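The values are calculated or read from the model by the stated rules, or taken from the named source; none is laboratory data. Here the structure is a predicted model, which is why all the values come from computation and not from measurement. Reconstructed Cβ throughout: ideal geometry from the backbone, glycine too, with neighbour counts over all protein chains shown.
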């Protein structure tokens, strides 16, 4: 079944009260298709289900946790960022609030420090689908997505290399909060 | 490339441990990890108030000459001499680099 999901990308800008200059996310309108059958998936913390995009020979799992699926020179990694990590870097906010604030209106030096790392990414876009917010950053053959939702207590970082953007869009079209 | 000494590996692992916690003490330190660490050091303007970067002779273009032992030593010396607050500040930008550095340490 071909199902189209219309997505509106919002422009996010910093306010005058921010601790540092915020970053802009492109305003555009895309159509994503979820025509790929999604039978295989990855469930994070029993709350977030993502489609599995590559048929890897090897899955690497480590503390963090980080899950890496690699096939040739392509890979996709999933990294869970929980409250402990956010506290470790110096913020008392929940993962959702830390990233939301950093992406929209950085309020302190830690949020500014994080967003400094994002400034170099050439293409930035924002989507809100199925109650999940996707902050998408592209640089050469690499795409980094931060998945935020008020319904989950973690933030998920998804990084891909050498995976076409339209395939990555499939993640966004088919990821759901359970 | 001049070989990375055991002491340099321990020093870099120690700096990464300040940014990422003790798990970084087990990460393999190779040239790709050093290059990403160099990017991380330069990435945050917000943290630069805590420390000037290493002198320009140790750069090629915009990147630190990690292949040079002299450059590595300059960075290490610089961070050891009062770099603690700088490294703590880099925990923020470190979030963005963690996956890349970890994967580089695995050789992926």
Of (1) outside any loop (DSSP other than H, G, I, E, B); (2) at pLDDT 85 or above, residue A:93 fails just (1)
Scanning segment B:45-73 residue by residue, those in a helix (DSSP H, G or I), surrounded by 18 or more Cβ atoms within 10 Å (Cβ to Cβ) and within 14 Å of chain A (Cβ to nearest Cβ) turn out to be none
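Scan segment B:74-98 residue by residue and report those that are more than 13 Å from every other protein chain (Cβ to nearest Cβ) and without any contact (Cβ under 8 Å) to a residue 12 or more places away in the chain.
B:77, B:81
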By residue number, the members of segment B:1-29 that are loosely packed, with under 14 Cβ neighbours inside 10 Å and either assigned to a loop (DSSP other than H, G, I, E, B) or within 14 Å of chain A (Cβ to nearest Cβ) (or both) are B:1, B:2, B:3, B:5, B:22, B:25, B:26, B:28
Worksheet item: Do we find a residue being at pLDDT below 95, in contact with a strand residue (DSSP E or B) (Cβ under 6 Å, 6 or more places away or on another chain), in a loop (DSSP other than H, G, I, E, B) and closer than 21 Å to residue A:50 by Cα anywhere in segment A:121-129?
Response: no
Counting only residues in segment B:99-108 that are more than 7 Å from every other protein chain (Cβ to nearest Cβ) and modelled with pLDDT of 90 or more, the one surrounded by the most Cβ atoms within 10 Å (Cβ to Cβ) is identified as B:101
What about residue A:142, is it at the interface with chain B (Cβ under 9 Å from one of its Cβ atoms) and surrounded by fewer than 17 Cβ atoms within 10 Å (Cβ to Cβ)? yes
| query | Somewhere in segment B:31-44, is a residue surrounded by fewer than 14 Cβ atoms within 10 Å (Cβ to Cβ) and either in contact (Cβ under 8 Å) with a residue 40 or more places away in the chain or touching a strand residue (DSSP E or B) at 6+ places or on another chain (Cβ under 9 Å) (or both)? | reply | no
Within segment B:75-108, residues being over 18 Å from residue A:88 (Cβ atoms) and assigned to a helix (DSSP H, G or I) number 11
Residue hits (segment A:155-178; surrounded by fewer than 22 Cβ atoms within 10 Å (Cβ to Cβ) and assigned to a loop (DSSP other than H, G, I, E, B)) are A:162, A:163, A:164, A:178
Exactly one of A:107, A:151, A:133 is more than 9 Å from chain B (Cβ to nearest Cβ) and either part of a strand (DSSP E or B) or under 16 Å from residue A:77 (Cβ atoms) (or both), and that one is A:133
